[in-house]
Amino acid sequence: MSVVQYDLGQLTGTQRESSPNITAFYAYPATASASNKVPAIVNIHGGGQTPDWFSTWWWATQGYACVSIN
């Protein structure tokens, strides 16, 4: 499993001083490769703004690549 972070860039409007970063958990089966592609899941969670590492890991054990975004 990996933790991925990326920058959304500079916001415009009333939040000009804000430059938010997005964090996500990403996992995929060990058998996945460029030649052995697997289906993917985007884990959308409800409220709390917390990515779910457990379900990301669980989907990977079921044969899916999975990302859970904060």
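Can you give the relative contact order of the chain as a percent, counting alpha carbon pairs under 8 Å and 6+ residues apart?
On the way: 129 pairs, mean separation 24.1, N = 70.
Relative contact order, the chain: 34 percent.
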How far apart, in nm, are the 7 Å Cα→Cβ label points at Ile22 and Thr61? 2.8 nm
Karplus (6.51, -1.76, 1.60) ³J(HN,Hα), θ = phi - 60°, over the range 20-33, in Hz, Gly and Pro reported as x: x, 10, 10, 10, 8, 9, 9, 8, 8, x, 4, 7, 6, 7
Report the accessible area of Thr31, computed with a 1.4 Å probe over the heavy atoms of all protein chains in place, in Å² rounded to the nearest 10. 100 Å²
For the chain, what is the per residue volume of the convex hull drawn over the alpha-carbon atoms, in cubic angstrom? 105 Å³
Rounded to the nearest 10 Å², what accessible area does Tyr6 show when all protein chains are kept and the probe is 1.4 Å? 100 Å²
So, with a 1.4 angstrom probe, what is the percent of accessible area on the chain that is carbon and sulfur? 55 percent
Probe 1.4 Å, heavy atoms of protein chains only: per residue, the accessible area of the chain in Å² is 72 Å²
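The values are calculated or read from the model by the stated rules, or taken from the named source; none is laboratory data. Just so it is clear, the model here is predicted, and its values are computed rather than measured. When we count neighbours, we look across all protein chains shown, and the Cβ atoms used for this are built from the backbone with ideal geometry, even at glycine. Side chains are part of the model used for accessible areas, which takes the heavy atoms of the whole protein and leaves out ligands, DNA and RNA. Shrake-Rupley method; radii C 1.70, N 1.55, O 1.52, S 1.80 Å.
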